[in-house]
Amino acid sequence: MNIPRISFPRIVIIGGGFAGVALAKKLSNCDVQVVLLDKNNYHTFQPLLYQVSTGGLEPDSIAYPIRKILKNFPNFYFRLADVEAIDTDKNKVKTNIGNLKFDYLVVASGSITNFFGNTEVEKHSMAMKTIPQSLNLRSLILENFEEALLTSNLNERNALMNFVIVGGGPTGVELAGALAEIKKGILPKDYPDLDTRLAQIHIVQSNECILKGMSEKASAKAEDFLEKLGVNIWKNVRVTNYDGKTVTTNTDLTFETATLVWAAGVKGATIKGLDAEEFVTRGNRILVNEFNQVKGFKHIFAIGDIAYMASDEFPNGFPMMAQPAIQQGNQLGDNILKLIEEKQMKPFVYKDKGAMATIGRNKAVVDLKNYKFQGVFAWYVWMFVHLFFLIGFRNRMVVFVNWVYNYVRFDREARLIIRPFKKRLKR
């Protein structure tokens, strides 16, 4: 990999997500060599992926070059690599561009979509965890309406204009709200010769409420917002199969749709070498102690979505969200330096800063530690927080300008089929 060997300890970080970037920034000006490996050369702001999928933002608005984040820091190296395995005996990372020795290893590989073993659903549905997946979904949505114009088969036309979202968490709720606003304000203008009122948006939730991780008040208000936007919410219904045309459930309910978006869960993106049963637990996550050390190792760590650290308040591990990842990255930076200096490390304590979700224009729900509110003010808070955590002044300005334009014009300019993507209906 052409990385020089120097006297400083080498810390290898796998993954350029929230956790990996936070850790790299924490270590950037210290007497260590930091090597960050990722299969993409950019960091993705995942909370806004749904806006890329629905034409609200272009992908470069929520992506930022990893090299630019840490360009001014000494002894930092980035390599575009796909990590294939970890050799824990030889302290070596194996990648598609070569092998690399490490003194300390941090796995921050994040999470991937969890289809719970349903291969048919995985084959025919759409995920939304990465920028390429979001662009595929955007193309599919637009292409479906283009094809709906051409067919004379009423059932096929309805299937092309129907959307089923599996999962009522923040991703599913925010995507449903965005699609409902497109149906209301944009599709009638883009497709005046198509009766877009027939388009249907469904959320299928396997338990009794949406936004289960938030307060009952937030869940109820979000449901009210969605219903007023015309979204159909089906609770206590579980999707069992999807063949590319028909969605079947554990009830007598079925849906005819050309677009099924799977937002029902995620699982840890484990790596060969640390994927044995002794390391991996619930949610395919790597079991770590209170210092984020992987079971059985002093010098190998896991942080972010991939790490499973149970506590009294979170017996099933911390939420697979940005805040725990960022906090673990910052804390581990201090702890690795303490470990190098043979000092006592500090246990990780998660500071829950709350949760929020937006349902659309002037509609959001926010749960803070001492305050819970919904509506217009919550929507402004949601926008401010997301702008604040975006990396890069340009990204913040581009997103802000886009949001202002979309708000004033009630429009989404990025309705572009840049690269066609099509899963043909079975005829």
Among residues of region 390-411, those that are exposed (fewer than 14 other Cβ atoms within 10 Å of the Cβ) and farther than 14 Å from LEU57 by Cβ, counted: 4
Evaluation of LEU27 against (1) without any contact (Cβ under 8 Å) to a residue 60 or more places away in the chain; (2) open to solvent by less than 60 Å² (accessible area, probe 1.4 Å) (one fails), failing number: (1)
Complete set of residues in region 75-104 that are open to solvent by less than 70 Å² (accessible area, probe 1.4 Å) and either part of a loop (DSSP other than H, G, I, E, B) or at positive phi (or both): ASN75, ALA81, THR88, ASN91, GLY98, PHE102, ASP103
Residue under evaluation SER134, criteria (1) part of a loop (DSSP other than H, G, I, E, B); (2) open to solvent by less than 20 Å² (accessible area, probe 1.4 Å); (3) of a type in the set (S, T, N, Q), criterion not met: (1)
Failed condition for VAL52, given (1) under 20 Å from the mean Cα position of the chain (by Cα); (2) on the phi > 0 side of the Ramachandran plot: (2)
Residue within region 58-73 that is under 14 Å from ASN2 (Cα atoms), among the charged types (D, E, K, R) and surrounded by fewer than 18 Cβ atoms within 10 Å (Cβ to Cβ) present: no
Meets criteria (in contact (Cβ under 8 Å) with a residue 40 or more places away in the chain, more than 21 Å from ILE303 (Cβ to Cβ) and aliphatic (A, V, I, L, M)) for LEU48: yes
Breaking point among (1) in contact with a Leu (Cβ under 7 Å, 6 or more places away or on another chain); (2) open to solvent by 10 Å² or more (accessible area, probe 1.4 Å); (3) modelled with pLDDT of 95 or more, for PRO9: (1)
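Does region 249-257 contain at least one residue that is touching a Leu at 6+ places or on another chain (Cβ under 8 Å), open to solvent by less than 60 Å² (accessible area, probe 1.4 Å) and not in a loop (DSSP other than H, G, I, E, B)? Before the answer, list the steps.
So the first thing to find is which residues in region 249-257 are touching a Leu at 6+ places or on another chain (Cβ under 8 Å), and the list is none.
Scanning region 249-257 turns up no residue that is touching a Leu at 6+ places or on another chain (Cβ under 8 Å), open to solvent by less than 60 Å² (accessible area, probe 1.4 Å) and not in a loop (DSSP other than H, G, I, E, B).
If you go through region 69-77 one residue at a time, do you hit one that is touching a Gly at 6+ places or on another chain (Cβ under 9 Å), β-branched (Val, Ile, Thr) and modelled with pLDDT under 95?
yes
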Strands (runs of 3 or more DSSP E) (entirely within region 275-380) containing at least 1 residues that are farther than 30 Å from ALA180 by Cβ: 285-287, 300-302
Output for region 221-248, where each listed residue is in contact with a strand residue (DSSP E or B) (Cβ under 8 Å, 6 or more places away or on another chain), of a type outside the set (A, V, I, L, M, F, W, C) and in a loop (DSSP other than H, G, I, E, B): GLY230, ARG238, LYS245
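Let me confirm something: among SER53, SER61, SER109, which residue is in contact with a helix residue (DSSP H, G or I) (Cβ under 8 Å, 6 or more places away or on another chain) and more than 27 Å from THR358 (Cβ to Cβ)? Full working, then the answer.
Values: SER53 fails: more than 27 Å from THR358 (Cβ to Cβ); SER61 fails: more than 27 Å from THR358 (Cβ to Cβ).
Checking each option against the conditions leaves just SER109.
The values are calculated or read from the model by the stated rules, or taken from the named source; none is laboratory data. Model, not experiment: these values are computed from the prediction. Glycine gets a Cβ as well: all are built from the backbone with ideal geometry, and neighbour counts include every protein chain shown. SASA here: full protein model, heavy atoms, side chains in, ligands and nucleic acids out. Shrake-Rupley method; radii C 1.70, N 1.55, O 1.52, S 1.80 Å.
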